[in-house]
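One structure below.
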Amino acid sequence: MDILIGLQWGDEGKGKFIDLIGRDYDIIARFNGGANAGHSIYYQGNKITLKLVPSGIFCPHIKNLIGTGVVIDPVAFKAEIEELAHIIPRQDLIDRILISKKSHLVLPTYRYWDIYMEHSPVYRTIGTTKNGIAPSYSNKILRQNLRVGDIYSDNFKDDTYKILNRQYTELQLLGQDMPALEELYADFLKGCNFLKQLAITDTEIFLNQALHDSKKVLAEGAQATLLDIDHGSYSYPTSSNTIAAAACVSLGVSPKLVNKIYGVTKAYCTRVGHGIFPTEITDQIADELREKGGEFGSNTKRPRRVGWLDLPALKYAIMLNGVTDLVLTKADILSGMSEVPVCTAYEINSETRDLTAPTSVDDSVRPVWKFLDGWDFPFSKINQQSQVPKELKLFISFLEEELKIPVKYLSTGPQREELIILGN
Ligand code: GDP
Ligand code: IMO
Ligand code: MG
């Protein structure tokens, strides 16, 4: 099994990369998060954003699996499939998606807990996607949640109503606005009935059997390393483990069976939501970069915060994941700049550190900058290594020296074929 993860704060271009290299795989298996993800793929000239559906869906031979560690909102999932059914035959979608029986359901009240906590002065505001992700994982850990496999149980409707009713009453007491309980309940049951058309199964057995039969499996990460609940920048991460190791837990595959680990990084940084961002810029260049890079949430449309490439954090992410294949995206967005700043170390209380978790630093951290020559080139004309502009080649060599790992793939644009495999 190979694993693909993001190395920054999300939106590195994971979806686009999987859409292309996924062709070499038989199964793409999403392992974490929920409808908070937004993985953009261009298909027949249209930009499609996948939230819960794995990014192998546009390759007809690929089975797309949703693992145990994912939290599934049946209402959001149904809406996503209905949307995709305009471009992929509905039956094909249904036949090519498998869901773990043990993955947890996102109940409709979780979304309102998320909204309530974001707006209430007694809670810390995270800047979440308001998809009910933290309440879903919390209720999983509290052992008060329902799982996808439960939808077949005779008690499912009663159990759902009990939880919804309790949470709804609590939220009402707190003054949270919500649609009527009966409406939320009915929509949720409709979503759950919809799920029954798909294969809801022991995905870990399916995957292990497939691996035994020499099928190729790629585990798809959502969010990214610096949003990991344990190793990311707490108190503002997401609520799941996002790093490569989490793929084994979620999918029930032994670490012995892992081969490649693809890590995706942009040539600069972005972050949506609150939290530490040592290389953030907020000037006019930030606005230009945001516009040119289309740095607005794929899912929430919020403007993404932008900043320069952060090597101490990237080294940390490469270390945590054991990246074997580094993927560099969006260097085309930096085209036209006379010089490109890169943070090579942090100065923290007059100490210099070149490998640090941004989670363990605060706003007093001062980036140490190196300015590399910029490049100016029409990227749409590049489709082989020899055409990569000299300055970008030097930028890549600099990264490789610092990171001690080769950049294997250079993404040159958002479209499927805009990718160059870099070799010696
Ligand atoms: P993901 O969440 O990691 O899949 O990334 P998103 O889809 O949320 O955000 C990445 C955005 O950048 C999408 O709009 C992609 O279409 C786009 N994209 C991906 N790779 C490249 C690239 O190399 N160059 C440019 N210009 N856009 C890219
Ligand atoms: P993909 O898979 C970027 C961020 C949110 C917020 C924090 C917690 O497209 O890279 P949550 O809703 O998860 O409780 O929000 O995590 N976040 C993402 N940022 N890309 C994502 O996914 C994200 N998923 C969550 O903005 O700061
Ligand atoms: Mg995204």
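Bear in mind these aren't lab numbers, they're just calculated from the coordinates by the rules spelled out. Note that the structure is predicted; figures quoted are calculated from it, not measured. Glycine also receives a Cβ, built like all others from the backbone with ideal geometry; neighbour counts cover every protein chain displayed.
Brief remarks on what is shown
- Close amide H partners of Ile281, meaning residues 5 or more places away or on another chain with modelled amide H under 5 Å apart, are Val306, Gly307, Trp308.
- Seen from all directions on average, the stretch 9-157 presents a Cα convex hull projection of 10.0 nm².
- Intensity falloff of the stretch 340-406 expressed as log10 I(q)/I(0), Debye formula with alpha-carbon point scatterers, at q = 0.11, 0.12 Å⁻¹: -0.38, -0.44
- FRET efficiency, Arg23 to Lys301 (Cβ-Cβ, R0 30 Å, nearest 0.05): 0.50
- Relative contact order %, the chain, counting alpha carbon pairs below 8 Å whose residues are six or more apart: 20 percent
- Kirkwood hydrodynamic radius of the chain, from inverse mean 1/r over distinct Cα pairs, in Å: 22.1 Å
- Backbone N under 20 Å from the Lys215 label point (7 Å along Cα→Cβ), restricted to the stretch 221-264: 221, 247-260
- For the chain, modelled as a GNM whose springs connect Cα atoms under 10 angstrom apart, the maximal fluctuation among Thr242, Thr356, Thr129 occurs at Thr356.
- Sites Asn46 and Lys393, calculated FRET efficiency, Cβ-Cβ separation with R0 35 Å, nearest 0.05: 0.60
- Fraction of antiparallel bridges per DSSP, the chain only, in percent to nearest 5: 45 percent
- Proxy reagent accessibility, fewest Cβ within 10 Å first, across Ser153, Ser364, Ser103: Ser364, Ser153, Ser103
- The stretch 293-313 residues near the modelled Ile87 label - backbone nitrogen below 19 Å, point 7 Å along Cα→Cβ: 294-301
- In the stretch 377-424, chymotrypsin sites (Phe, Trp or Tyr not before Pro) in a DSSP loop with at most 13 other beta-carbon atoms within 10 Å: none
- Panel values: the stretch 146-303, Kirkwood radius from alpha carbon pairs, Stokes-Einstein at 4 °C and 1.567 mPa s, translational diffusion coefficient 65 µm²/s.
- 15 Å reach of a label modelled at Tyr123, 7 Å along Cα-to-Cβ, counting backbone N of the stretch 161-196: 167-178
- Once the Cα atoms are used to define both axes, helix 311-321 deviates from the longest principal axis of the chain by about 50 degrees.
- Amide H within-cut-off set for Leu198, under 5 Å, with H built and near neighbours excluded: none
- Three semi-axes of the equivalent ellipsoid, the stretch 79-227, Cα gyration tensor, whole Å, largest first: 30, 19, 16
- Förster-model FRET efficiency, 30 Å R0, Asp230 and Lys196, C-beta, rounded to 0.05: 0.30
- Put a dot 7 Å past the Cα of Ile405, heading toward its Cβ, do the same for Glu417, and the two dots end up 3.0 nm apart.
- On Cα atoms only, tilt of 181-195 relative to the major axis of the chain in degrees: 70 degrees
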